[in-house]
Amino acid sequence: MFSFPSPPARPTNPEAAGLRHLAFEVDDIVAEAEELERLGIEHEAIRIDKTTNRRFMFFFDPDGLPLELYEK
């Protein structure tokens, strides 16, 4: 975990003070997206990180906090 001393305001989906989101590294993001769908968990579309060219996506925990899956 890491933090920034003066994080920018989040334009959408406010979360608990000080917590931006949690990210989990996965081997196969498509397989993880399919598993979320199988479980009935909605998620955002898979996107490409412009800096690393790696795929990632977000979904939300029961409290509405963002969780990220980031492909190796």
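The values are calculated or read from the model by the stated rules, or taken from the named source; none is laboratory data. Note that the coordinates shown come from a computational prediction; the quantities given were computed from them, not determined experimentally. As a convention, Cβ positions derive from the backbone with ideal geometry for all residues, glycine included, and neighbour counts pool all protein chains shown.
Within the set of pairs 6+ apart or on separate chains, which have a first residue in region 9-38 that is among the acidic types (D, E), a second that is part of a loop (DSSP other than H, G, I, E, B) and modelled with pLDDT of 70 or more, and C-beta atoms under 6 Å apart? Sorted first by the residue in region 9-38, then by its partner, the pairs are E15/L65; E25/K72; D27/K72. Within region 17-46, being modelled with pLDDT under 95, under 15 Å from the mean Cα position of the chain (by Cα) and in a loop (DSSP other than H, G, I, E, B) holds for L19, R20, H21. Being surrounded by fewer than 15 Cβ atoms within 10 Å (Cβ to Cβ) and part of a loop (DSSP other than H, G, I, E, B) is the filter here; which residues of region 47-72 pass it? D49, K50, T51, T52, N53, R54, D61, P62, D63, G64, K72 - these are the residues of region 47-72 that are surrounded by fewer than 15 Cβ atoms within 10 Å (Cβ to Cβ) and part of a loop (DSSP other than H, G, I, E, B).
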